[in-house]
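Asker: Once you've had a glance at the structure underneath, I'll fire off some questions.
Taken together, the values in this text are just the output of simple stated rules run on the coordinates, not laboratory data. Bear in mind that the values here come from a model prediction, so they are computed numbers and not experimental data.
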Amino acid sequence: MVMPQAGEIKSRIEAAIPGARAEVEDWTGGGDHFRASVTAKAFSGLSRIEQHRLVYQVFGDEIGGPIHALSLSTQSE
C-alpha cells in the first residue's frame with residue numbers, strides 16, 4: 001500500500017475545493033496521521049460539520065485506510 005504524503009493531500013484538497021488554501025502536516029511522522037487547516041470561500045454558510053464533510057469527501061474510503069486519521073481545522077474566507 002502506498003502511503004500518502006502531506007503535499008499530495010494538500011494538492012488534492014486544493015484541487016477539489018475551488019479557491020481552498022490548505023496546510024497539511026504529517027502529525028506523527030508515520031505517513032498515516034495528518035493534520036490539516038483549510039480555508040475556503042466554499043465553506044461560507046456551512047456548519048463546521050458540513051465543512052469537514054466537504055473535505056472528507058475528497059478522500060472517500062481512503063479515510064480509515066491509507067489515511068488512518070485526518071484531523072481538520074476549517075474556516076470560511
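Asker: Divide by every residue of the chain the summed helix terms, -39500 (n - 2.57) for each DSSP H run of at least 4, and state the resulting mean residue ellipticity at 222 nm, rounded to the nearest 500 deg cm²/dmol.
Answerer: Values: 2 runs with 23 residues, N = 77.
After summing the helix terms and dividing by residue count, I get -9000 deg cm²/dmol.
Asker: Further question: Please state the equivalent ellipsoid semi-axes for the chain: what are the square roots of 5 times the Cα gyration tensor eigenvalues, largest first, in whole Å?
Answerer: Numbers: eigenvalues 86, 27, 23 Å².
Semi-axes, largest first: 21, 12, 11 Å.
Asker: Let me ask something additional. Could you go through segment 41-50 in sequence order and give the Karplus-derived ³J(HN,Hα) for each residue, using 6.51 cos²θ - 1.76 cosθ + 1.60 with θ = phi - 60°, rounded to whole Hz, and x for Gly and Pro?
Answerer: Along segment 41-50, the couplings run 4, 4, 7, 4, x, 9, 5, 4, 4, 5 Hz.
Asker: Separate question: Residue 15 to residue 77: extension gain in nm, 0.36 nm per residue of separation minus the Cα-Cα distance? Provide the component values of the computation, followed by the final result.
Answerer: Working: separation 62, 0.36 × 62 = 22.32 nm, distance 1.67 nm.
Value of the extension gain: 20.7 nm.
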